[in-house]
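The values are calculated or read from the model by the stated rules, or taken from the named source; none is laboratory data. Quantities reported herein were computed from a predicted structural model and do not represent experimental measurements. Using ideal geometry, Cβ is built from the backbone for each residue, glycine included, and neighbour counts are taken over all protein chains shown.
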Amino acid sequence: MPTDGRGPVDRTSMTLTALAEHEDKAAALLPAEVYDYFAAGAGAETTLHESRTAWEHYRVRPRVLRDVGRVDLPTSLLGAEVSSPVVLAPTAFQGLAHAEGERATARAAAATGSLLALSTRSSTPLEEVAAAGSAPWWFQVYAMRDRDLTLRLVERAVSAGARALVLTGDTPYVGIKRRVTGTRIAIPDDHFLVNLQQHLDPGRADARRAAEQDPTITLEAISWLAEASGLPVLVKGVLRGDEAVACLDAGAAGVVVSNHGGRQLDRAVPSAIALPEVVDAVAGRAPVLVDGGIRSGLDCLVALALGASAVMVGRPVVWGLAAGGEAGVVEALEALRADLTHVMALTGAASLADLDRSLVTATSIWS
Ligand code: FNR
């Protein structure tokens, strides 16, 4: 697949098995508790499991005899030109997966022309991540108990060139993951606070608490961040149409349909089920992104056909990073893009504009 996301279907680069191989390799390379930290879901992992399987309950209604001699994936997201609608989701502490952490991920995003969303909880100071890759990037914000700390971080993200903020709304408290209980990794303070250290007085006793998510924030945080940054603010973690509308009415420039990859509220509805309701409620007012369990071109195709502007992938990037650093992340992104191109061609779609809801039909996930 050419790196600009345009051109003939390249069947030689359809290495979707790369994703499974990366995870196997990550499981072999990483200490068990680190692998579990990345892989785990909350509670009984019902939502983690359904996040994957829910996509598989859609079936495709392909068109025939369409010219699919070339399939084009480029698109624009809030003004950022990207080579494909596959976006790197914000995932914390990538330094645990690979020594180069977010720097390698940023280089991979640049090499593939992909949009990167960088976590507040990165293992690498955000300026260094921004300098590592030339791709457009968004900054994911956890509104922290110390509002001033939050603002300092946002100001730095703006200076470093972030094109939008992604306010995560589903994490007033961090979900409890049974899998990691017992051998739970203790993220050391110097790792947890890497982005914040420069704003903290040496020896500040409550630093860790100040940097925790503030559970009292409300919809007003959207306009607060938009005004402070001058950037568009997307809200991540939306699973209902009425909530999406409330976020837009409060000033959001877009929403990300997400249950945090099954890591927050177990038995929260799968994104694949929530997506059509949110798309309908938003009614074209703003971009709707979606993540959770997207592991193939078909998953991407279903999401885009249901009306998503783009998809985000979390763990596939982490596993690629753990397995092969920058090259591993490139491989994962290329595999997804090549697979999407292939299934679009077989569906009779030569561009993202050709994807619409008539192309998919839902079977029941609940039966
Ligand atoms: C996450 N996610 C996440 N989201 C966020 O807004 N801020 C964050 O710091 C993190 N950190 C994080 C760490 C790890 C290890 C994972 C797996 C996930 C959620 C992430 O952005 C995304 O919603 C999910 O990962 C999507 O699901 P998949 O693609 O991992 O199935």
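Observations on the model:
- Any hit, region 42-57, residues being in contact (Cβ under 8 Å) with a residue 24 or more places away in the chain, closer than 27 Å to HIS191 by Cβ, surrounded by fewer than 22 Cβ atoms within 10 Å (Cβ to Cβ) and over 18 Å from the mean Cα position of the chain (by Cα): yes
- In this entry, VAL278 passes the filter for residues that are under 18 Å from ARG357 (Cβ atoms) and surrounded by 24 or more Cβ atoms within 10 Å (Cβ to Cβ).
- For first residues located in region 289-316 and touching a residue at least 12 places away in the same chain (Cβ under 8 Å), partners that are within 14 Å of the ligand (Cβ to nearest atom) and charged (D, E, K, R) and lie 6+ apart or on another chain with Cβ distances below 6 Å form the pairs GLY293/ARG52; MET312/ASP291.
One line per residue, one yes/no per condition, for (1) within 27 Å of VAL174 (Cα to Cα); (2) among the acidic types (Asp, Glu):
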| position | (1), (2) |
| --- | --- |
| ALA252 | yes, no |
| ALA272 | yes, no |
| GLU277 | yes, yes |
| ASP280 | no, yes |
| LEU301 | no, no |
| ALA308 | yes, no |
| TRP319 | yes, no |
| HIS342 | no, no |
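- Answer residue from region 332-367, given it is among the small types (Gly, Ala, Ser) and without any contact (Cβ under 8 Å) to a residue 40 or more places away in the chain and is nearest to VAL269 (Cα to Cα) among those: SER367
- Of all residues in region 180-215, exactly one satisfies the criterion of being among the β-branched types (Val, Ile, Thr), touching a residue at least 40 places away in the same chain (Cβ under 8 Å) and away from the ligand (no atom under 13 Å from the Cβ), namely THR183.
- Of the set (1) within 16 Å of the ligand (Cβ to nearest atom); (2) within 19 Å of the chain's Cα centre (by Cα); (3) touching a residue at least 60 places away in the same chain (Cβ under 8 Å), all apply to ALA80 but (1).
- The residue of region 246-269 that is surrounded by the most Cβ atoms within 10 Å (Cβ to Cβ), among those that are within 15 Å of GLU50 (Cα to Cα) and more than 8 Å from the ligand (Cβ to nearest atom), is VAL257.
- Where helices (runs of 4 or more DSSP H) fall wholly inside region 206-275, the ranges with 3 or more residues that are at pLDDT 95 or above are 220-229, 241-249.
- Residues that are on the phi > 0 side of the Ramachandran plot and charged (D, E, K, R), drawn from region 337-367: none
- Inside region 317-345, residues that are within 16 Å of the ligand (Cβ to nearest atom) and either in contact with a His (Cβ under 7 Å, 6 or more places away or on another chain) or of a type in the set (Ser, Thr, Tyr) (or both) make up a count of 7.
- Elements of the type helices (runs of 4 or more DSSP H) sitting completely within region 34-141 and holding at least 1 residues that are farther than 24 Å from ALA162 by Cα: these cover 46-53.
- Exactly one residue among SER309, SER296 is under 27 Å from CYS247 (Cβ atoms) and of a type in the set (Ser, Thr, Tyr), and that residue is SER309.
- Of residues in region 17-29 being among the aliphatic types (A, V, I, L, M) and modelled with pLDDT of 95 or more, the one surrounded by the fewest Cβ atoms within 10 Å (Cβ to Cβ): ALA28
- Of the residues making up region 172-183, those that are under 13 Å from ALA42 (Cβ atoms) and at pLDDT below 75 are ARG179, VAL180, THR181.
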